[in-house]
Amino acid sequence: MKTLNNISGLRAELNNARRQGKTIAFVPTMGNLHAGHIKLVHRAKLEADIVVVSIFVNPLQFGANEDLDNYPRTLADDQEKLIEAGANLLFTPSAQDIYPEGMEPHAKLSVPIITNTLCGAARPGHFDGVTTVVNKLFNIVQPEVAIFGQKDFQQLAVIRKMVRDFCIPIHIIGEETARDADKLALSSRNGYLSEAERATAPAIYRAIAAIQTAIGSGERDYKALTDEAKRFLVDAGCVIDYVEVRDATTLMEPNSDSCELVILAAAKLGTTRLIDNLTVTL
Ligand code: PAF
């Protein structure tokens, strides 16, 4: 695996690969890689000849109260995992490469409506930061396929919408969430949990799984289901941000046309905010 830290070096490698007729799959990350990210790399390997992974802790998607400086940076460890997973190219640009004139004067890409709800409501500007950097990375890498985790369901839906709205010729794949044995969704943030919080955390999965089962059995009173899940989570010791049943494409309240729903939850354990989701087809 080659690690490249500048745009022109990566482009030269990719042009070379394209001249040989190779297809490219792309996995954008912020590093601190865990088995969930490696699952994305394995999926990417099935989709194209060359797998490009980026590691860039994007300052534009962090809010003022979110700790950008303390975001774990574990490059040597990440490189080892990526070599083992069979990635071909690792792109590790600096903030100076991505935002050479600083973030303020940089053009921004904003996807409306779908970004105002759920995590977007609690993290204003976050998704503008995500779409701006992902669009930029797409233009640098120009892959045929890009792989994102379904755990960040709203991020995936926003990126799919950006790709549709701007006719970006990249196939977006949402890879199923990787989970620990007790079903806790893998996340870099799990490392911040105390032992007691880690023991409580699978309650989030259990709460949304109960809603999924109830909807699967024909229950359609989504408010009653989410209220019950909220009570369960509060009793378990979580501070709830939201528990919602939404249309899986628009992320709006389900209507009579909704055929795929998503149950989403966000809750804090101590200072750590965790998210999870499950889908259900009607
Ligand atoms: O999911 C992430 O790690 C980030 O939001 C992404 C997609 C790499 C953009 O910075």
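The values are calculated or read from the model by the stated rules, or taken from the named source; none is laboratory data. No experiment lies behind these values; they were computed from the predicted model shown. Note: ideal-geometry Cβ built from the backbone for every residue, glycine included; neighbour counts use all protein chains shown. For accessibility, only protein heavy atoms count, side chains too; no ligands or nucleic acids. Shrake-Rupley method; radii C 1.70, N 1.55, O 1.52, S 1.80 Å.
Bridgeable aspartates and glutamates around Lys183 (alpha carbons under 12 Å apart, same-chain partners fewer than 8 residues away excluded): Asp276. Take the chain with all the other protein chains still there, run a 1.4 Å probe, and you get 47 Å² of accessible area per residue.
Once a ≥ b ≥ c are taken as the square roots of the eigenvalues of the Cα gyration tensor of the chain, is the result rounded (a/c under 1.5), prolate (a/b larger than b/c) or oblate (a/b not larger than b/c)? Because a/c hits 1.5 or more and a/b exceeds b/c, the chain counts as prolate.
Maximal additional length on extending the Leu282-Thr74 stretch stands at 70.7 nm, based on 0.36 nm per residue less the C-alpha distance. Taking the Cα centre of the chain as reference, the dipole from Cβ charges on Lys and Arg (+1) and Asp and Glu (-1) amounts to some 540 debye.
Mind ranking 185-195, 88-98 by how tightly packed they are, going by the mean number of other C-beta atoms within 10 angstrom, highest first?
Details: 185-195: 16.5, 88-98: 18.4.
Highest to lowest by the protection proxy: 88-98, 185-195.
Kindly provide the helix-only [θ] at 222 nm of the chain, computed as the sum of -39,500 (n - 2.57) over DSSP H runs of four or more divided by all residues, to the nearest 500 deg cm²/dmol?
The per-residue figure over the chain is -12000 deg cm²/dmol.
Hey, quick one: spin label on Val57, modelled 7 Å out along Cα-Cβ, who in the stretch 25-51 has an amide N within reach, i.e. under 17 Å? Inside the label zone: 29-34. Given Lys39/Lys230; Lys81/Lys268; Lys81/Lys151; Lys108/Lys268; Lys136/Lys161, which pairs have Cα atoms separated by over 23 Å? With Cα atoms farther than 23 Å apart: Lys39/Lys230; Lys81/Lys268; Lys108/Lys268.
The Cα trace of the stretch 55-133 gives Rg and Dmax of 14.8, 40 Å, the first to one decimal, the second as a whole number. Near Ala122, once Lys and Arg are set to +1 and Asp and Glu to -1 for all other residues with Cβ below 11 Å from its Cβ, the sum equals +1. Across the stretch 111-116, coupling constants 3J(HN,Hα) worked out from phi with the 6.51/-1.76/1.60 Karplus curve, θ = phi - 60°, read 9, x, 6, 4, 8, 8 Hz, and Gly and Pro carry x.
How tilted is helix 35-47 with respect to the longest principal axis of the chain? Cα atoms for both, answer in degrees (0 to 90, nearest 10). Tilt relative to the chain: about 60 degrees. Rounded, prolate or oblate: pick one for the stretch 1-110, where a ≥ b ≥ c are the square roots of the eigenvalues of its C-alpha gyration tensor, a/c under 1.5 means rounded, and failing that, prolate if a/b is larger than b/c, else oblate. The shape class here is oblate. Taking a sphere under 13 Å around the Cβ of Gln20 and counting the other residues whose Cβ falls inside, with K and R at +1 and D and E at -1, yields a net charge of +1.
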